[in-house]
Amino acid sequence: MKKLIVIAAALVSVVSLSACVSTHTSGSVYRPYQTQNEMSVRMGVVESVREVTIDGGRSGVGTMTGAALGGIAGASMGGGRGSTATSIVGAVVGGIIGNNVESNANTRRGVEITVRLDNGELKAITQDADETFRAGDRVRLLSDRRTTRVTH
């Protein structure tokens with residue numbers, strides 16, 4: 001029975017780690033489907049830049065993993081009837097910790113860049129904060145049907 005619990009805990013851990021894979025919306029990172037595709041290019045000047053937080057959301061995997069591991073840890077601490085109580089407390093505390101870990105792993109710094117295009121249009125694009133932009137910078141907006149990115 002203990003082997004089954006250890007295997008289950010390991011499996012849940014692997015699944016939770018795979019959920020932490022990042023999907024950036026950066027000006028410098030291209031996904032495979034974005035390569036070798038024609039993009040339209042528009043030129044403009046940065047009007048303003050605002051720091052934002054990009055929240056990748058929560059899948060619940062962190063909470064479930066934390067609860068499972070906390071429950072297992074709690075069950076091993078208590079004896080007899082106390083085992084049930086410590087298991088429940090461990091699951092609740094583990095779930096809270098797991099949720100916080102997943103939330104922190106899926107949150108990153110971003111910027112909202114407002115650009116006045118050469119034709120006078122005003123556009124706002126949000127992307128990872130991996131490049132520094134300032135009001136007055138001359139920039140390019142690269143767009144396809146799915147995304148727009150701002151680059152120098």
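Estimated from the Cβ-Cβ distance and a Förster radius of 35 angstrom, the FRET efficiency linking residue 42 and residue 89 is about 0.05. Residue by residue, region 115-129 carries 3J(HN,Hα) couplings of 10, 8, 5, 4, 7, x, 5, 10, 10, 10, 10, 10, 8, 4, 8 Hz when phi is fed to the Karplus relation 6.51 cos²θ - 1.76 cosθ + 1.60 (θ = phi - 60°); x denotes Gly or Pro.
Every number here is computed from the coordinates shown, using simple stated rules; none is lab data. Worth saying up front: this structure is predicted, and the values here are computed from it rather than measured. Don't worry about glycine lacking a Cβ; one is built from the backbone with ideal geometry, like all the others, and counts go over all protein chains shown.
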